[in-house]
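One structure is given here, and the rest of the page talks about it.
The values are calculated or read from the model by the stated rules, or taken from the named source; none is laboratory data. Note that the coordinates shown come from a computational prediction; the quantities given were computed from them, not determined experimentally. For neighbour counting, all protein chains shown are included, and Cβ atoms are generated from backbone atoms with ideal geometry for every residue, glycine included.
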Amino acid sequence: MNTKIWLSSPHMGGTEQKYVQEAFDTNWVSPLGTNVNGFEEDLEKYVGSNSHVACLSSGTSALHLALILADVQQDDKVICQSMTFSASANPIVYQKAAPIFIDSEKETWNMCPVHLEAAIKDCITKGKKPKAIVVVHLYGMPAKMKEIAAIAATYDITLIEDAAEAIGSTYKGQKCGAFGAFGIFSFNGNKIITTSSGGALVCKTAASKQRAIYLATQARDNAAHYQHSEIGYNYRMSNIVAGIGRGQMEVLDKHIGYRRKNNQFYQALFKDVAGITVFKEPTSAFFSNHWLSAIVIDEQITGFSREELRLSLEKANIESRPLWKPMHLQPVFKDCSYFGATVSEDLFQSGLCLPSGSNLTTYDLDRIKEAINNFL
Ligand SMILES: *Cc1c(COP(=O)(O)O)cnc(C)c1O
């Protein structure tokens, strides 16, 4: 049997262990040290736009702190893109706030600005303006940030960007994660760069960053003894993990190049296949890191479903995966409000993510091509 081809697996650049070794050599085996500071500086430089970055234990903890910094409290309303991974929405519930889910638009598969504005107006009519908007850049594709940022500004609502999948993606030349009051990245095992697990919060001010770090380290007051005036969290990144991150930063742009090449590979592979479209940027204003390449299958034309293709690839030991199941269709969120039509639901029914790792070899790509052609 051939070895398994994964959707997206960790891809080390080679210098990660040097930074980890340094942490051991200096005995900074703790949630602080030169790697944490160094990784934060690397990310600040990379994201630009005067960003201030706090490295944390996960993307989820970064979103949680973003909501706290946005003053989201019990019974508040928070608007969230429906088509996403559950981690975008769970922290809203940690705060005992109510998520309101928004459908996608067809071009970027991200939050539809029209339904977003309708939801805000509805909340205002009912007497409570939403506290925050969580927009996602799915699979690395930037959302329509011009429209969404304008709506957030008009109604004066804090904009939080879930850029967990979109480090290195840009919209009109600006990096994803740098548009909102807060942005988050994930460095989980299958993300574009990985530190095994980890995340980061991008803030607009040094004061927000300091407050995030304070909350992430159990909210200790400035005293020699342990004194606390607020509830805190244990959300800081370890200095070992940050060492992996520093090494990964050295290869980030190169790896994005490989992922974009994978997307071109699929564009070519499906060019003449009626009923299959490969997801790509709608205009040159959008630059996707193509974390995952995905296709949409029009079953009426192809005569087969995404599930049939998925199972056929599985037989060839090739991993593929349906698109994210929208949050408004998840049992756990069934009582939440929803604004939109069936764009995200249709994408979920017909879409499939294909192997997209930056470490796919020519041999892997040949196997994928053969398996798909055999199926077709
Ligand atoms: C991975 C991911 C997260 C969560 O990041 P973790 O580091 O796994 O906590 C949040 N949102 C989206 C869209 C993701 O893909």
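(1) at pLDDT 95 or above; (2) surrounded by fewer than 20 Cβ atoms within 10 Å (Cβ to Cβ); (3) aliphatic (A, V, I, L, M): which one isn't true of Val29, the others all being true?
Every listed condition holds for Val29 apart from (1).
Based on what the data block shows, is Ile167 more than 23 Å from Pro331 (Cα to Cα), surrounded by 24 or more Cβ atoms within 10 Å (Cβ to Cβ), modelled with pLDDT under 95 and among the aliphatic types (A, V, I, L, M)?
no
Restricting attention to segment 93-111, which residues are farther than 28 Å from Phe279 by Cα and either assigned to a strand (DSSP E or B) or within 12 Å of the ligand (Cβ to nearest atom) (or both)?
Residue satisfying the conditions is Ala98 alone.
Condition first: within 21 Å of Val296 (Cα to Cα) and either free of Cβ contacts under 8 Å to residues at least 60 places away in the same chain or out of contact with any Pro (no Cβ under 9 Å at 6 or more places or on another chain) (or both). Now tell me which residues in segment 352-365 satisfy that.
Answer for segment 352-365, where residues must be within 21 Å of Val296 (Cα to Cα) and either free of Cβ contacts under 8 Å to residues at least 60 places away in the same chain or out of contact with any Pro (no Cβ under 9 Å at 6 or more places or on another chain) (or both): Leu352, Leu354, Pro355, Ser356.
Any idea how many residues of segment 119-146 are farther than 12 Å from Phe179 by Cα, in contact with a helix residue (DSSP H, G or I) (Cβ under 9 Å, 6 or more places away or on another chain) and of a type in the set (D, E, K, R)?
The qualifying residues number 2.
Would you please name the residue that is nearest to the ligand (Cβ to nearest atom), looking only at residues in segment 49-90 that are assigned to a loop (DSSP other than H, G, I, E, B) and among the small types (Gly, Ala, Ser)?
Here the residue is Ser58.
Residues Ala143, Ala132, Ala207: which one is away from the ligand (no atom under 14 Å from the Cβ) and under 22 Å from Ile100 (Cα atoms)? Reasoning before the result, please.
Details: Ala143 fails: away from the ligand (no atom under 14 Å from the Cβ); Ala207 fails: under 22 Å from Ile100 (Cα atoms).
Within the list Ala143, Ala132, Ala207, the selection yields Ala132.
Which one is nearest to Val135 (Cα to Cα) among residues in segment 158-181 that are assigned to a loop (DSSP other than H, G, I, E, B) and within 10 Å of the ligand (Cβ to nearest atom)?
Out of the qualifying residues, it is Ala163.
Being modelled with pLDDT of 95 or more and surrounded by 24 or more Cβ atoms within 10 Å (Cβ to Cβ) is the filter; apply it to segment 182-192 and report the residue that is nearest to the ligand (Cβ to nearest atom).
Out of the qualifying residues, it is Ser186.
Considering (1) out of contact with any strand residue (DSSP E or B) (no Cβ under 8 Å at 6 or more places or on another chain); (2) assigned to a helix (DSSP H, G or I); (3) more than 30 Å from Asp122 (Cα to Cα), say which one Arg310 fails and leave the rest.
The one condition Arg310 does not meet is (1).
Report yes if Gln74 is polar (S, T, N, Q) and surrounded by fewer than 19 Cβ atoms within 10 Å (Cβ to Cβ), otherwise no. I'd like the intermediate steps shown before the answer.
Details: polar (S, T, N, Q): yes; surrounded by fewer than 19 Cβ atoms within 10 Å (Cβ to Cβ): yes.
Spelling it out, Gln74 is indeed polar (S, T, N, Q) and surrounded by fewer than 19 Cβ atoms within 10 Å (Cβ to Cβ).
May I ask you to say which residue of Leu354, Leu376, Leu329, Leu323 is among the hydrophobic types (A, V, I, L, M, F, W, C), over 13 Å from Phe265 (Cβ atoms) and either crowded, with 20+ Cβ neighbours inside 10 Å or touching a strand residue (DSSP E or B) at 6+ places or on another chain (Cβ under 8 Å) (or both)?
It is Leu323.
I'm checking my understanding of the structure. Among residues of segment 145-164 that are under 20 Å from Ser293 (Cα atoms) and in contact (Cβ under 8 Å) with a residue 40 or more places away in the chain, which one is surrounded by the fewest Cβ atoms within 10 Å (Cβ to Cβ)?
Among those that are under 20 Å from Ser293 (Cα atoms) and in contact (Cβ under 8 Å) with a residue 40 or more places away in the chain, it is Ala164.
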